[in-house]
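After the structure tokens below, expect a handful of questions from me.
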Amino acid sequence: MPENELTGADARAWLLAFADRIDSDSDELTELDRRAGDGDFGWNIGSALKRARANLHGGDPAGVFQSVSDTFLASGGTSGPLFGLWFGRLGSGPSAPWTVPDLAGAFETATGAVRRLGRAEVGHKTMVDAMVPATEALAATRATSWREALGEAAEAARAGADSTSGMVAHRGRASYLGERAQEVLDPGAVSIAWFFEAADGI
């Protein structure tokens, strides 16, 4: 298989690496959410990914991402359905190994769906603050290797997540706290950065 095509096995390894990161560092997400929400974010995403481990299947990236969607849709909180939608829309990508343009197109579709459902834009202090920069990096990349393209997306997602410190939230429970949660990183954006960073080294 050409190195510039993301396979189903690559997608499974990526999701398992993401699950490992969440499993080891979910307390960090929980603490962020405790300071700016109801404190259940880390537990919700962690439990969804634990269920996903036993349900990862599919011969191509679209199938693998689709297999994760239902576990998030069944999880609690407001983030579960958004992650479920995101992975579900990624699951509508090509039924074959993905090139970099395939990656870019799939994430554009998925991120657009989350923005519409959550009515969130960059600057609202949500997961969209990391999703959109990552998606834009994939659309703009000149890389032919999916590893290099996802590395660029990870850098953009991390910068987007870090930018949520200093924002006043416009969506979610953090919006009720206003300036009291202004300096807290958004846990959803942090988790999206972790997702893209998990592709490094698989």
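Any chance you could give the angle, 0 to 90 degrees and rounded to 10, that helix 41-53 forms with the longest Cα principal axis of the chain?
20
Only Cα pairs under 8 Å and at least 6 apart count here; give the relative contact order of the chain as a rounded whole percent.
The normalised contact order for the chain reaches 23 percent.
For Cα pairs less than 8 Å apart in space and 6+ apart in sequence, what is the mean separation divided by the residue count of region 6-73, i.e. the relative contact order in percent?
After rounding, I find 40 percent.
For region 1-21 and region 31-97, compute the distance between their C-alpha centroids and round to whole Å.
If we compute the Cα centre of each part, the gap is 15 Å.
Now a separate question. Tell me, what is the FRET efficiency for Arg21 and Asp162 to the nearest 0.05, using R0 = 22 angstrom and their Cβ-Cβ distance as r?
The value I calculate is 0.85.
If we sort 15-26, 61-72, 185-196 on the protection proxy, mean other Cβ atoms within 10 Å, highest first, what's the order?
In descending order of packing, they fall as 185-196, 61-72, 15-26.
Quickly estimate the mean residue ellipticity at 222 nm for the chain, helices only: each DSSP H run with n ≥ 4 gives -39500 (n - 2.57), and the total goes over all residues, rounded to 500.
After summing the helix terms and dividing by the residues of the chain, the value is -21000 deg cm²/dmol.
Tell me, what HN-Hα J-couplings in whole Hz come from the Karplus equation 6.51 cos²θ - 1.76 cosθ + 1.60 at θ = phi - 60° for each residue of region 113-128, using x for Gly and Pro?
5, 5, 4, 5, 5, x, 6, 10, 10, 4, x, 8, 6, 9, 4, 4
How much net charge surrounds Ser92 when only other residues with a Cβ under 13 Å from its Cβ are counted (Lys, Arg +1; Asp, Glu -1)?
Result for the neighbourhood of Ser92: -2.
Viscosity 1.567 mPa s, temperature 4 °C: Stokes-Einstein D of region 45-149 from its Kirkwood Cα radius, in µm² per second?
Estimated via Stokes-Einstein, D reaches 92 µm²/s.
Here, each number is a calculation from the coordinates, and none is a lab measurement. Quick caveat, the model's predicted, so the values are computed rather than measured. So basically every Cβ, Gly included, is an ideal-geometry build from the backbone, and we count neighbours across all protein chains shown.
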